[in-house]
Every structure is written in structure tokens, then in C-alpha cells.
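What follows is one structure encoded as C-alpha cells, with my remarks underneath.
Read-outs throughout are calculated quantities, based only on the coordinates presented, and are distinct from any laboratory measurement. Predicted, not measured: the structure shown is a model, and the values here were computed from it. Cβ sites come from the backbone with ideal geometry, for glycine too, and all protein chains shown count toward neighbours.
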Amino acid sequence: MDNMSGDQIRQLRLAMGLTQKELGSLIGVPWLTISRWENNHNKPSPLARKALAALRIKQDQDRLVRNSLT
């Protein structure tokens with residue numbers, strides 16, 4: 001997760017069905033920061049990386065539960 005690329009951040013956000021503004025609100029950063037990460041202009045701070053990792057884990061868990069129910 002330390003080297004999460006902008007494309008991976010975008011994929012996570014889209015998989016969760018979130019806008020940049022909504023993802024920013026979840027992890028406490030402005031939407032413009034999300035845009036900068038997704039376009040590889042900046043990288044997330046260690047704290048933001050932890051928040052993104054937690055969201056990714058939750059997304060993975062949700063997908064596993066959905067798959068086990070089908």
C-alpha cells in the first residue's frame with residue numbers, strides 16, 4: 001500500500017462508487033488532493049495511505065461477502 005499509484009487510488013474510488021469529493025470527505029482531505037494523487041502529481045501522506053489501506057480492506061471484505069452470497 002505504500003506505493004499505491006494514482007491509477008490504483010482511482011480504481012479503488014470508482015469501485016466504491018465515490019466521487020473525488022466523497023472519498024476526500026471519508027479520509028479528511030480536499031477533493032483536489034484526491035485529483036492530484038490520481039494524476040500522480042502528489043503522493044498520499046503516511047496517514048492518508050493508512051486510511052486508503054483501510055478502505056481497500058473494507059472494499060475487499062465487502063466483495064468477498066457478496067461473492068459468498070451468490
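Annotations
- Projected label distance in nm at D7 and S68, using a 7 Å step from Cα toward the beta-carbon: 3.1
- When its C-alpha radius of gyration is set against 2.2 N^0.38 Å (N residues), the chain gives a value of 1.10.
- Spin-label pair Q59/M16, simplified geometry with 7 Å Cα→Cβ offset, distance in nm: 0.8
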